[in-house]
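Asks: Questions regarding the structure given below will be posed in turn.
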Amino acid sequence: MNGKQIPSHVAIILDGNGRWAKKYGRPRSYGHYMGGRNLFKVAKSAQKLGVKKLTVYAFSTENWKRPEDEVNYLMTKPIEMFHENRERISEIDYKVTFVGRRDRFSKELLEVIDIIEAETKDHKGFELTIAADYGSYDELITAANLSEKPITKASLEAHLMVKEPVDLLIRTSGEQRLSNFLLWQVSYAEFYFTKVHWPAFNEKELKKAILSYQKRNRRFGGLK
Ligand code: IPE
Ligand code: IPE
Ligand code: MG
């Protein structure tokens, strides 16, 4: 891995929490708990390696279809974890933002989101964006409705929730699909798929993905 061609914007579809838990004979919720904790570890690694922005897919607009107890866990556990680690929020030295719909979350979850965003908003150099109740169809339809007409690339992009194009898209746990994540932003992204389940994904795995990225020839339609 060379230090010069570090992808500026890395996006991760963090998949496989449930399968990881199953492998160890634990309930799916345990996989989500460990996956949630891993998020901040991997963000720290990305920051250290020189990535500027990391966007992670934590909950899709389609994930509401999951069993009620699983959705409930995913919607309440982060609130509990926030309060348990309240004093550690001030240790976060990068900016944290959330993208996705805000109209289907509880008041308590929205409060947590607001506090984390407010307390980290002035941090520079690295941004962790958490996509929660996010879906590209929703993002693109919303942007199209807000855009001045006739829509141009620039006018649409001005209303997207994620404005920066993705350089490297990683999906953990073996699946090779986008599942409605950043359809517009990955137009020229390099894709990297790994069988490693999200809770086991670490700095070493991130370095492997970046190394693979550095071997690609990005042409953007031209010749190189
Ligand atoms: C990713 O892990 C987290 C979410 C989608 C919320 P999964 O829950 O999809 O885990 P698998 O794919 O069932 O193993
Ligand atoms: C994609 O994972 C969504 C997130 C990682 C939040 P899923 O596990 O929901 O995707 P599918 O259903 O296998 O496509
Ligand atoms: Mg999955």
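Asks: How much accessible surface area, in Å² rounded to 10, belongs to the heavy atoms of residue 98 with a 1.4 Å probe?
Replies: Answer for residue 98: close to 40 Å² accessible.
Asks: Can you classify segment 133-224 as rounded, prolate or oblate using the Cα gyration tensor, where a ≥ b ≥ c are the square roots of its eigenvalues, rounded means a/c under 1.5, and otherwise it's prolate if a/b beats b/c and oblate if not?
Replies: oblate
Asks: Test of understanding: what is the full-extension gain from residue 76 to residue 217, defined as 0.36 nm times their sequence separation minus their Cα-Cα distance?
Replies: Gain on extension, residue 76 to residue 217, equals 46.5 nm.
Asks: List, in the order given, every pair from 77/195; 48/204; 121/163; 48/107; 44/153 whose Cα-Cα distance in the structure shown is over 22 Å.
Replies: As for pairs spanning more than 22 Å Cα to Cα, those are 77/195; 48/107; 44/153.
Asks: Each residue of segment 177-190 in order: what ³J(HN,Hα) in whole Hz does its phi give by Karplus 6.51 cos²θ - 1.76 cosθ + 1.60, θ = phi - 60°, with x for Gly and Pro?
Replies: Using θ = phi - 60°, the values come out as 8, 8, 6, 6, 10, 6, 4, 6, 6, 8, 3, 10, 6, 8 Hz.
Asks: What ranking of 192, 33 comes out by heavy-atom accessible area, probe 1.4 Å, highest first?
Replies: Values: 192 35, 33 60 Å².
Highest to lowest solvent-accessible surface, that is 33, 192.
Asks: I'd like the carbon and sulfur percentage of the solvent accessible area for the chain, probe radius 1.4 Å, heavy atoms only, ligands and nucleic acids excluded. If you can, show how the numbers build up before the last one.
Replies: Numbers: 6490 of 12060 Å².
Result for the chain: 54 percent of the exposed heavy-atom area is carbon or sulfur.
Asks: I'd like the accessible area for residue 9: 1.4 Å probe, protein heavy atoms, all chains in place, Å² to the nearest 10.
Replies: Number for this one is 0 Å².
Asks: So, in nm, how far is label residue 114 from label residue 208 when the simple model puts each one 7 Å beyond its Cα toward the Cβ?
Replies: 4.2
Asks: Kindly give Rg over Rh for segment 15-101, based on alpha-carbon atoms, with the Kirkwood expression for the hydrodynamic radius. Before the final figure, lay out each step's value.
Replies: On the way: Rg = 14.1 Å, Rh = 14.5 Å.
Here Rg/Rh amounts to 0.97.
Asks: In the Gaussian network model of the chain, springs joining C-alpha atoms below 10 Å, which of 155, 45, 173 carries the largest mean-square fluctuation?
Replies: So, out of 155, 45, 173, the one fluctuating most is 155.
Asks: Compute, for residue 112, the solvent-accessible surface of its heavy atoms (probe 1.4 Å) with the complete set of protein chains present, and express it in square angstrom to the nearest 10.
Replies: Here the accessible area works out near 10 Å².
Asks: Taking 41 Å as R0, compute the FRET efficiency from the Cβ-Cβ separation of residue 85 and residue 151 and round it to 0.05.
Replies: Here the calculated transfer efficiency is 0.45.
Asks: I want to verify a result. In a Gaussian network model of the chain, Cα cutoff 10 Å, which of these has the top mean-square fluctuation: 200, 43, 58?
Replies: Comparing 200, 43, 58 in a Gaussian network model of the chain, the most mobile one is 200.
Asks: In whole angstrom, note down how far apart the Cα centers of segment 173-207 and segment 1-77 are.
Replies: 10
Asks: For segment 67-73, just list the computed ³J(HN,Hα) in residue order, Karplus coefficients 6.51, -1.76 and 1.60, θ = phi - 60°, integers in Hz, with x standing in for Gly and Pro.
Replies: Values, residue by residue: x, 4, 5, 6, 4, 4, 4 Hz.
Asks: Oh, and also: Between residue 191 and residue 103, what length in nm is gained on full extension when 0.36 nm per residue of separation is reduced by their alpha carbon distance?
Replies: 28.6 nm
Asks: Which shape class, rounded, prolate or oblate, goes with the chain when its Cα gyration tensor gives a ≥ b ≥ c as root eigenvalues, a/c under 1.5 marks rounded, and past that a/b bigger than b/c marks prolate?
Replies: Note, shape of the chain comes out rounded.
The values are calculated or read from the model by the stated rules, or taken from the named source; none is laboratory data. Bear in mind the structure is a predicted one, so any value in this text is a computation, not a measurement. All Cβ positions, even for glycine, are placed from backbone atoms using ideal geometry, and neighbour counts span all protein chains on display. Please note that ligands, DNA and RNA were not included when accessible areas were found on the heavy atoms of the full protein model with its side chains. Shrake-Rupley method; radii C 1.70, N 1.55, O 1.52, S 1.80 Å.
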